[in-house]
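The values are calculated or read from the model by the stated rules, or taken from the named source; none is laboratory data. This one's a predicted model, so the numbers in the text were calculated from it and none came from an experiment. No Cβ is skipped: glycine too gets one built from the backbone with ideal geometry, and neighbour counts run over all protein chains shown.
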Amino acid sequence: MNYRMKFLPILIGVLALSLSLSSCLKDVCDETRTFIQYDPLYAGYDQIRIDIQAESPRELKNPGKLYYYEGYLLINEISEGLHVINNEDPENPVIEAFIPIPGNVDMAVRDNILFADNYMDIVSIDISDPLNPILIDRQEDVYNGYYFQEGRGFHIGYNETEITTELECTDPNWGNGWFLQGDILFANEAFDTSGAGGGFPATVGTGGSFARFTLAKDHLYVVDQSTLYTFNVESGTPSLVSDFNVGWGVETIFPYGDNLFIGSTTGMFIYSILEPSSPMFRSQFIHANACDPVFVDGNKAYVTLRNGNNCQNFTNQLEVLDVTDIFSPKLIATHQMENPHGLSKIENKLLICEGKYGLKTFDASNDMEIRSNILNHIEDIHAYDVIALSLDHVLVIGKNGLFQYDATEDDLQLMSTIPVSRN
């Protein structure tokens with residue numbers, strides 16, 4: 001018998017088995033998954049550097065960061081501008097106007113001058129009359145993270161669309177949490193696209209723990225993903241005096257006393273501002289890769305770490321640090337959380353936003369027992385960031401709107417809500 005003919009039945013059998021196994025594997029490996037598709041958006045200078053004028057009030061649709069100043073609230077509508085809210089009566093807040101600022105995410109206010117990001121620029125706006133803002137200065141091309149493509153303009157962000165698709169195990173993207181196809185990004189969960197000296201004291205506002213803009217000692221301090229920018233604002237408009245790299249994955253900045261506490265995905269950095277125009281590195285506390293807002297009170301720093309696509313880890317916890325010696329911060333305690341975001345502290349009450357898990361209030365008088373000393377848990381809101389102005393005035397912002405509480409008692413009392421529009 002011919003050698004080839006002899007082994008032909010065996011070969012056919014092997015091929016049949018292989019095809020059968022492939023079919024089984026294909027059945028096992030197929031998966032239907034829902035992704036968020038991010039299509040790149042582009043804009044030219046004429047769409048970015050617009051004349052800034054107040055518009056009629058808008059409903060909240062996609063709220064971002066929150067800022068309090070002199071009885072007013074500024075709520076960022078992500079990448080679009082700021083809602084101006086008269087909050088003289090916290091039980092009856094009134095949206096009075098909307099200030100369009102393309103690309104806006106962050107803001108700070110000093111002596112009625114609003115500083116805000118406008119994509120690659122920083123604008124200064126006189127809000128002495130919040131209903132009639134006046135653009136008084138523009139610092140151009142501060143941020144260099146917006147690349148320009150000829151014929152399309154600056155890459156300014158992404159348009160999000162939820163899609164459902166089937167992936168096979170042979171697909172190189174099978175099992176990935178996110179991937180690129182050309183310049184289109186696909187992800188299986190949403191990405192976060194985000195004192196004074198001399199004469200009379202300056203009046204400054206209060207931002208949350210997610211702030212990237214902060215004011216101290218006649219200076220505006222701004223961070224992007226890797227750089228700390230220092231502007232002298234004594235004259236009322238910013239003058240850049242320094243900018244330098246502080247590492248990668250920078251997310252937040254929090255001023256306290258003579259120091260800046262900078263949160264990043266790799267740790268917390270401390271910079272001295274004894275010389276306000278020349279921040280000086282003092283120390284770093286390294287932690288697992290995770291998103292990292294910071295709040296400082298006295299000699300304690302409270303750091304929340306959470307997971308997610310942007311955060312590159314599976315850690316969800318609160319860290320309490322002793323920062324008595326700014327040259328050598330020390331870990332005091334670690335407490336497991338659900339998905340901690342922004343935080344604030346007033347007296348011994350520590351308020352932590354847990355994203356879709358709501359808002360929690362803890363008794364923080366004993367650093368080692370914080371997690372077990374929960375005072376209140378509001379579960380029916382999405383909580384992104386919190387500002388505790390006083391025990392009787394707590395501001396919370398999240399995906400479903402603004403909430404104001406009286407925290408005098410352990411059981412927080414809701415004073416008012418501005419909901420997100422469902423249209």
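Exactly one residue out of 42, 119 is in contact with a strand residue (DSSP E or B) (Cβ under 8 Å, 6 or more places away or on another chain), surrounded by 21 or more Cβ atoms within 10 Å (Cβ to Cβ) and more than 26 Å from residue 381 (Cα to Cα), and it is 119.
Checking the structure you have, find out if any residue of region 345-353 is within 21 Å of residue 292 (Cα to Cα), over 21 Å from the mean Cα position of the chain (by Cα) and surrounded by 14 or more Cβ atoms within 10 Å (Cβ to Cβ). Yes. The single condition among (1) closer than 21 Å to residue 215 by Cβ; (2) of a type outside the set (A, V, I, L, M); (3) surrounded by 15 or more Cβ atoms within 10 Å (Cβ to Cβ) that residue 70 does not meet is (3).
Looking only at region 63-101, residues that are part of a loop (DSSP other than H, G, I, E, B), on the phi > 0 side of the Ramachandran plot and not hydroxyl-bearing (Ser, Thr, Tyr) come to 2 in all.
In region 306-340, which residue that is modelled with pLDDT of 90 or more and under 18 Å from residue 383 (Cα atoms) is surrounded by the fewest Cβ atoms within 10 Å (Cβ to Cβ)? The qualifying residue surrounded by the fewest Cβ atoms within 10 Å (Cβ to Cβ) is 336.
When region 37-62 is filtered for residues that are part of a strand (DSSP E or B) and within 14 Å of residue 101 (Cα to Cα), the ones remaining, listed by number, are 43, 55. For region 141-150, filtering for residues that are more than 23 Å from residue 228 (Cα to Cα) and either modelled with pLDDT of 75 or more or buried (at least 17 other Cβ atoms within 10 Å of the Cβ) (or both) leaves 1.
Here residue 236 clears all of (1) of a type outside the set (A, V, I, L, M); (2) surrounded by fewer than 18 Cβ atoms within 10 Å (Cβ to Cβ); (3) not in a loop (DSSP other than H, G, I, E, B) except the condition numbered (3).
Could you please let me know if residue 69 is modelled with pLDDT under 95 and either in contact with a Lys or Arg (Cβ under 6 Å, 6 or more places away or on another chain) or not aliphatic (A, V, I, L, M) (or both)? The answer is no for residue 69. Applying a threshold of 6 Å to beta carbon distances and a minimum spacing of six or more residues, or different chains, the list of pairs starting in region 73-94 at a residue that is closer than 17 Å to residue 131 by Cα and ending at one that is outside any loop (DSSP other than H, G, I, E, B) and of a type in the set (D, E, K, R) reads 76/65; 84/96; 86/96.
Being closer than 18 Å to residue 61 by Cβ and either surrounded by 15 or more Cβ atoms within 10 Å (Cβ to Cβ) or within 20 Å of the chain's Cα centre (by Cα) (or both): is that true of residue 381 here? Criteria met by residue 381.
Against the test of being surrounded by 14 or more Cβ atoms within 10 Å (Cβ to Cβ), at pLDDT 95 or above and in a loop (DSSP other than H, G, I, E, B), the options 277, 209, 194 yield a single qualifying residue, 277.
Of all the criteria given as (1) in contact with a strand residue (DSSP E or B) (Cβ under 9 Å, 6 or more places away or on another chain); (2) farther than 26 Å from residue 264 by Cα; (3) surrounded by fewer than 20 Cβ atoms within 10 Å (Cβ to Cβ), the one not satisfied by residue 403 is (3). Screening residue 98 against (1) out of contact with any Phe, Trp or Tyr (no Cβ under 8 Å at 6 or more places or on another chain); (2) under 23 Å from residue 419 (Cα atoms); (3) surrounded by 20 or more Cβ atoms within 10 Å (Cβ to Cβ); (4) not aliphatic (A, V, I, L, M) leaves a single unmet condition, (3). Screening residue 401 against (1) on the phi > 0 side of the Ramachandran plot; (2) in contact with a helix residue (DSSP H, G or I) (Cβ under 8 Å, 6 or more places away or on another chain) leaves a single unmet condition, (2). Under 6 Å between Cβ atoms, which residue pairs at least 6 apart in sequence (or on different chains) link something in region 294-306 that is more than 13 Å from residue 257 (Cβ to Cβ) with a partner that is assigned to a strand (DSSP E or B) and acidic (Asp, Glu)? Pairs found: 303/319.
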